[in-house]
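Contents: one structure, followed by commentary.
The values are calculated or read from the model by the stated rules, or taken from the named source; none is laboratory data. All values reported here derive from a predicted model rather than from experimental measurement. When we count neighbours, we look across all protein chains shown, and the Cβ atoms used for this are built from the backbone with ideal geometry, even at glycine. Side chains included, ligands, DNA and RNA excluded: accessible areas come from the protein's heavy atoms. Shrake-Rupley method; radii C 1.70, N 1.55, O 1.52, S 1.80 Å.
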Amino acid sequence: MKLLLDAGNTRVKWRLLDAAGQRCAEGAAAHEDLSALAADCARWAPEQALGCTVASEALGARIAACLPPGVAMAWQWPQAQCAGVTCQYDTQRLGADRWMALLGAWGRAPGAKVVAAAGTALTVDALSADGVFLGGTIAPGLQLMRDSLAQGTARLGRPDGEYQDFPHTTADAIYSGCLNAMLAPIMLCVQRMQALGPAPTVYLTGGDANLVARHLPLDCQIVDNLALDGLARITRP
């Protein structure tokens, strides 16, 4: 039994695989309460644990406490080349979750890809048809953008709005503007990839993936926990 784990900025996501690589369980939890992870580890007793993290060492210690006795988390980090993907990004500065999501996307289908992870931050990464990670961008996610407006302005606050093409209220204007600011880098990355060759497949992952997909004027595929797919790829013989 193997435990795959992605420790993000806000949540911890995990998956348990049997000896044949079949999924036995999957879960997610906020940093503050890892009891569900501990329960899954107690039930399935994984013998191996692999993970990627962008979180603190303190959270890593709390994750380690959930594992069965004698099992240590083997944290995985970006490499110059792995599982068919070559990295042109600075591997010392590349988030392990972004790298694993790229490995997961590469294993899904041939061709160029744009991988957008819409979580606490929005990352948009370009993967060429021959498996080269060309680079990508990082921007605040939806909640961070809304929070920054509330903190940096005297009167806007943080009202709850709805998406509108042409907003008529400040609440809708804030919500729509922040969401548009997430759509734009995805669309720009797709345009730039199209200038290099055939249109890429767009993969969306992260907590706000469904929200982004509803308003993105492009064909896309939502893949939950794409980083866990990447971890699964590097555990195969």
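Once both axes come from the Cα atoms, what is the angle between helix 226-235 and the longest principal axis of the chain, in degrees from 0 to 90, rounded to 10?
So the helix axis and the longest Cα principal axis differ by about 30 degrees.
Roughly how compact is the range 186-231, stated as its Cα Rg over 2.2 N^0.38 Å to two decimals?
Dividing the Cα Rg of the range 186-231 by 2.2 N^0.38 Å gives 1.23.
If you roll a 1.4 Å probe over the heavy atoms of the protein chains, what accessible area per residue do you get for the chain, in Å²?
49
Could you work out the relative contact order of the chain, using alpha carbon pairs under 8 angstrom and six or more residues apart, expressed as a whole percent?
18
How charged is the neighbourhood of P46? Take every other residue with its Cβ under 11 Å from the Cβ of P46, and add Lys/Arg as +1 and Asp/Glu as -1.
0
Any chance you could check the Cα centroid distance between the range 1-64 and the range 92-120 for me, in angstrom?
Using only Cα atoms to place each centre, the spacing works out to 19 Å.
Counting residues in the range 23-71 as N, plug N into 2.2 N^0.38 Å and put the Cα Rg over that result.
Dividing the Cα Rg of the range 23-71 by 2.2 N^0.38 Å gives 1.10.
Nearest 10 degrees, 0 to 90: what angle lies between the long axis of helix 96-106 and the longest principal axis of the chain (Cα atoms)?
Rounded to the nearest ten degrees, it is 90.
Over the alpha carbons of the range 64-196, what is the largest minus smallest coordinate on each principal axis, giving the biggest first in Å?
The principal-axis extents, from largest down, are 51, 49, 24 Å.
Go through V132, V212 and list them by solvent-accessible area, largest first, probe radius 1.4 Å. Please report the intermediate quantities before stating the final value.
On the way: V132 25, V212 0 Å².
Correct descending sequence by accessible area is V132, V212.
Which values of log₁₀ I(q)/I(0), to two decimal places, follow from the Debye formula for the range 81-159 at q = 0.20, 0.24, 0.27 Å⁻¹ with a uniform point scatterer at every Cα?
-0.81, -1.05, -1.26
Select from A36, L149, G136 the residue farthest towards the positive end of the dipole of the chain; place +1 on Cβ of Lys and Arg, -1 on Cβ of Asp and Glu, and compute about the Cα centre.
After comparing all options, I get G136.
List the residues, sorted by chain then number, that are 5 or more residues from T86 or on another chain and whose placed amide H is less than 5 Å from its amide H.
Those lying under 5 Å, H to H, from T86 are V132, F133.
For a quick check of understanding: with a 1.4 angstrom probe and all protein chains in place, what accessible area in square angstrom does H215 have, to the nearest ten?
Accessible area of H215: about 60 Å².
Can you give me the % of accessible surface on the chain that is carbon or sulfur? Probe 1.4 Å, all protein chains present, nothing else counted.
51
Can you list residues from other chains, or at least 5 along the same chain, whose modelled amide H is less than 5 Å from the amide H of H31?
The list, which skips near neighbours in sequence, is V12.
Run the dipole for the range 124-237 about the Cα centre, Lys and Arg Cβ at +1, Asp and Glu Cβ at -1, nothing else charged, and hand back the magnitude in debye, nearest 20.
220
Hey, how much of the P(r) for the chain falls beyond 26 Å, as a percent of Cα pairs?
Result for the distance tail: 42 percent.
Applying the Karplus parametrisation 6.51 cos²θ - 1.76 cosθ + 1.60 with θ = phi - 60° to the phi angles of the range 171-188, what ³J(HN,Hα) value in whole Hz is obtained for each residue in order, glycine and proline being reported as x?
4, 5, 5, 5, 4, 5, x, 5, 5, 4, 5, 8, 5, 4, x, 5, 5, 5
With a 1.4 Å probe and all protein chains in place, put E57, E26, E47 in order of accessible area, largest first.
In descending accessible area the options line up as E57, E47, E26.
Shape of the range 1-92 from its Cα gyration tensor (a ≥ b ≥ c, root eigenvalues): rounded if a/c is under 1.5, otherwise prolate when a/b > b/c, or oblate?
oblate
For the Cα atoms of the chain, what angle does the longest principal axis make with the long axis of helix 142-152, in degrees from 0 to 90, nearest 10?
Approximately 60 degrees, to the nearest 10.
Based on the alpha-carbon gyration tensor of the range 130-237, what equivalent-ellipsoid semi-axes (square roots of 5 times the eigenvalues) come out, in whole Å, largest first?
Each semi-axis is √(5λ); the values are 31, 17, 13 Å.
Expressed in whole Å with the largest first, what are the equivalent ellipsoid semi-axes of the range 114-157 derived from the C-alpha gyration tensor as the square root of 5 times each eigenvalue?
32, 8, 5
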